[in-house]
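First the structure, in the form of structure tokens, and then the observations on it.
Read-outs throughout are calculated quantities, based only on the coordinates presented, and are distinct from any laboratory measurement. Note that this is a predicted model, so its numbers are computed, not measured. Cβ: placed from backbone, ideal geometry, glycine included. Neighbour counts: every protein chain shown.
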Amino acid sequence: MTVKQRKIISAIITLIAIVAVVEVAMYNWRLSLSLELEKHGKTARDLNREMEELVSLEAELLTPEKLMAAAESLGLEPLRLENFRIISLSDKPGGVVELASE
């Protein structure tokens, strides 16, 4: 084998080694991206589940019974009708009517 042939064979082996190293690096990179994507997917699922729980809790807390219980615990009372008066802005029947608190 001549020197030229050895250099060509050496260059081919070097290129094959470089391609192999790049393939291994690409495989590891894809694997790390897959693991990261799986982790983010789990986080997204957890956050969606928590959001659903919070929406459910919000709906439960905004029920009239819960709001009345919270208002009573704060010492609030329902407004009495005596605190309101009717003001008619029109002399005609069916005119504009407003409720105004005193």
(message) What's the magnitude of the charge dipole for the range 2-92 around its Cα centre, counting Lys and Arg as +1 and Asp and Glu as -1 at the beta-carbon? Answer in Debye, nearest 20.
(response) 1260
(request) Would you kindly derive the ³J(HN,Hα) couplings of the range 15-21 from the backbone phi angles with the Karplus curve 6.51 cos²θ - 1.76 cosθ + 1.60 (θ = phi - 60°), listing them in order in whole Hz, with x for Gly and Pro? (result) 4, 4, 5, 5, 4, 4, 5
(message) Just want the answer: with Cβ charges of +1 for Lys and Arg and -1 for Asp and Glu, which residue in ILE16, ALA71, MET26 is farthest toward the dipole's positive end in the range 3-77?
(response) ILE16
(request) Set the Förster distance to 30 Å, then compute FRET efficiency between GLU60 and GLU38 from the Cβ-Cβ distance, nearest 0.05. (result) 0.35
(message) From the gyration tensor of the Cα coordinates in the range 3-77, what semi-axes in whole Å does the equivalent ellipsoid have, largest first, with each one equal to sqrt(5λ)?
(response) 69, 8, 5
